[in-house]
Amino acid sequence: MSAPGISTVVPASEGRLRVLLVGSYSRDLLEYMAAQQEFAVDTILDGLEAIAAAAQLRFDIVVTGLRIDPADGMEVLRAFRAVDPDAPVIMSTHDTRPRTVVEVMQAGAFDYVLEPYGGLETFCEVLRRAAARRRTLLAARQLSRQLHDQRDLPLIVGRSKATQKLRQAARRAAAAESPVLITGESGTGKGLLARAIHEAGPRSRGPFVTVNCGAIPEQLIESELFGHVRGAFTGAVADRRGRVQQAGGGTIFLDEIAELSPNAQVKLLRFIEEQTFERVGESSARKADVRIICATNRNLPGRIAGGLFREDLFYRINVLSLHVSPLRQRPDDIPFLAQHFLEQMAADSGKDVRAISAEAMDILAAQDWPGNARELRNSLERAFVFSSGDTILRKDIPEGLSAGPGQDARGCRDVSELGLRKHLRREERRLIVQALESNDWVRSRAARDLRIPRSTLIRRMNVLGITTYRP
């Protein structure tokens, strides 16, 4: 589709950002733009025709003169901002008055360049920054679209093979009523998986009640689970419903199940087997209809061997078993988790931060994350707080994570410590990002430098979690 008055300088093709020049520009500038492989370039002289083009065509970057006829550059700026606020608009002007510059920037311009340019260096630098911003925001938009297109168990975030298998297993577990045991390291998201199973199951209309077994003193855990009657112990001034009763008709999630005392394990076993319980200080049995999901980061068979956990209870809670892999084993999920956390933080705070730059994402994706998704979220939250624009940049990433190429956050490690496969994967990622950055993220040129087919490059980028704009 074309609009009246548009002249094409460089035709559109895959991998090129589309640039519109509104107004009259020098031959040197047009020749420079024609020599670039990064941009498809169109020009238009008339401001009104440019405004019409804004409604009909999509452009990635717009460069407009301030004093053009019959509509001026401010009207052109507002028209393109209304259609796509993420498309940078650069204002080109002779007017150096501070008031004019302030008005242009307050209206939403990405930047301005003063005419005459005195060489193309300044103009080219602004254009490169605009291109980097556009690619970053488009990559974030793509990640966000993929996140929100995932309507099946949306709390399970990621596209790695491990996460896809986990999603399938969780879907089957959600359809059953049997107890579920979720295992995995601390911070991997076991609680979110438990909630996802609850929300996808037939009890989704019922309550989801969480009990952190490791955070409740041993002398209170029985009362916390099953409740108590007035006068049952010092401080019991009134009857109290336990978490089991609160979860009636829904799900009770017992996190850190390995930390239950032996006495509480006996009471829980009886409840699972008979679906009955007694409140502390009460002799009559009560019934409760709840589903039980448990989680632990401990080795329960090892604790059974050490006499710390009942074997019969283990078999009762381990009917359906799901394991959440550590984040270091599924690096492909890091970009999706990072975008997911970023959107949550923006929604909670009202701060308009929507994207993570390619350099910043590269740092995040290169980490081992011993604290898993929880550590990733904490690091991203610090970057979010210190960010000053709508994009998290490399400078915003916590200093301890800013590892150089081929070096992880805890310093250099030799191949024997990392493992050959992981070392090669990290080196491959570094080389691909380096080739993309040196070629302005034009994949065909990067593939040529790497001496691999373009299709292979795209496939490896997907596997390694390297995101960029894919037109």
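The values are calculated or read from the model by the stated rules, or taken from the named source; none is laboratory data. Values in this document were obtained by computation on a predicted structure and should not be read as measured data. For neighbour counting, all protein chains shown are included, and Cβ atoms are generated from backbone atoms with ideal geometry for every residue, glycine included.
Below are the figures for this structure:
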read-out	value
Residues located in the stretch 169-191, provided they are closer than 14 Å to LEU254 by Cα and of a type in the set (Lys, Arg)	LYS190
Qualifying strands (runs of 3 or more DSSP E) (wholly inside the stretch 14-70; at least 3 residues being more than 34 Å from the chain's Cα centre (by Cα))	39-44
Count of residues meeting criterion [surrounded by fewer than 18 Cβ atoms within 10 Å (Cβ to Cβ) and in contact (Cβ under 8 Å) with a residue 12 or more places away in the chain] in the stretch 425-456	9
Per-region count, the stretch 29-54, residues closer than 14 Å to GLY5 by Cβ and out of contact with any Lys or Arg (no Cβ under 8 Å at 6 or more places or on another chain)	12
Filter result (under 30 Å from ALA194 (Cβ atoms) and either small (Gly, Ala, Ser) or free of Cβ contacts under 8 Å to residues at least 40 places away in the same chain (or both)) within the stretch 99-151	ALA140, SER144, ARG145, HIS148, ASP149, GLN150, ARG151
Helices (runs of 4 or more DSSP H) wholly inside the stretch 108-209 that include at least 3 residues being outside the structural domain of VAL244 (by TED's automatic domain parsing), of a type outside the set (Asp, Glu) and modelled with pLDDT under 90	121-149
Residue ID - nearest to the chain's Cα centre (by Cα), chosen from residues in the stretch 2-13 that are aliphatic (A, V, I, L, M) and assigned to a strand (DSSP E or B)	VAL10
Filter result for the condition that a residue is under 30 Å from the mean Cα position of the chain (by Cα) and more than 24 Å from ARG377 (Cβ to Cβ), over ILE221, ILE252, ILE272	ILE252
Among (1) in contact with a Cys (Cβ under 9 Å, 6 or more places away or on another chain); (2) within 23 Å of ALA174 (Cβ to Cβ), the one test that ALA258 misses	(2)
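This table checks each residue for (1) without any contact (Cβ under 8 Å) to a residue 40 or more places away in the chain; (2) touching a helix residue (DSSP H, G or I) at 6+ places or on another chain (Cβ under 8 Å).
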residue: ARG167; (1), (2): yes, no
residue: SER178; (1), (2): no, no
residue: SER186; (1), (2): no, yes
residue: ARG195; (1), (2): no, no
residue: ILE216; (1), (2): yes, yes
residue: ALA232; (1), (2): no, yes
residue: VAL244; (1), (2): no, yes
